[in-house]
Amino acid sequence: MTREEFAELNGVSRETLEAFETWRELLVETNAHTNLVGRSTLEDFWTRHADDSFQLMPLIGPEVKRIADLGAGAGFPGLAIALGLRDRGQDAKVTLVDSVGKKMAFVRKVIAATGVPAEAKAIRVETLDPSEHFDLVTARAFAPLHKLLDYAAPLLKNGASGLFLKGRNYQDELTEARKNWTFEAEVIPSRTSDGVILRIDEVQRVK
């Protein structure tokens, strides 16, 4: 996928496309000396990273105001979502969380360069304050679902949902997670891989 194909598929503005390009250039530059993503994936940035993240946008309703992206790494999917929200004029903010300081330093650089409505917190995800009242929690390639729910459950309250990008073994993860949790799960095929998006709601720990 080229940048033009990404823009056409997702209907983003020229300004948003330029912001994605700025992010890509900073990622290539920084990744040369700091390991943020697999080097081989940079050649396919628009599919492997940009579109893989942006496919969450149609699943995010207009009522969403606060999003927490757990294990955000180099900003996927959180920064892509923040760019998408700004592109459609939605008044919302994404909080990207990762315990690796160099990754959050990079995300802050992208935020400063693009002016995207986001913030980066270099903290362990389990220390994120649930009182911030997030409407949505996202994660990509962060942790197996049973562990991810340990982190996300305190945030998934008062109607909040989870959108988690998962690989082909998602069924095994669902089975393992249901040993300790009850939840509603909608399985949505990924358009960029043989994985899926899991929409998770009504999370409760098994008593």
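The values are calculated or read from the model by the stated rules, or taken from the named source; none is laboratory data. Predicted, not measured: the structure shown is a model, and the values here were computed from it. FYI the Cβ positions are ideal-geometry reconstructions off the backbone, even for glycines, and counts take in every protein chain you see. Only protein heavy atoms, including side chains, enter the accessible area calculation; ligands, DNA and RNA are left aside. Shrake-Rupley method; radii C 1.70, N 1.55, O 1.52, S 1.80 Å.
Assorted remarks:
- Alpha-carbon Debye profile of the chain, log10 I(q)/I(0) at 0.07, 0.10, 0.13, 0.14 Å⁻¹: -0.19, -0.39, -0.67, -0.79
- Check: the range 111-199 dipole with +1 on Lys, Arg Cβ and -1 on Asp, Glu Cβ, in debye: 180
- Using the average count of surrounding beta-carbon atoms within 10 Å as a protection proxy, the listed peptides 135-143, 165-173 rank, highest first, as 135-143, 165-173.
- Pairwise label distance in nanometres, residue 102 with residue 22, each label 7 Å out on the Cα-Cβ vector: 2.5
- 0 to 90° range, to nearest 10: angle between helix 78-87 axis and the chain longest Cα axis: 70
- Estimated inter-spin distance, residue 182 and residue 39, nm [label 7 Å along Cα→Cβ]: 5.1
- Protein heavy-atom surface of the range 1-127, 1.4 angstrom probe: 48% of the accessible area is carbon and sulfur, with nucleic acids and ligands not counted.
- In the full protein context, the range 40-117 carries 34 Å² of accessible surface per residue, based on a 1.4 Å probe and ignoring ligands, DNA and RNA.
- Cross-link partners of residue 147 among lysines (Cα-Cα below 26 Å; sequence separation of 8 or more within a chain): 65, 93, 102, 103, 121, 157, 166, 179, 207
- Cα long-axis angle, helix 101-114 against the chain (0 to 90 degrees, to the nearest 10): 60
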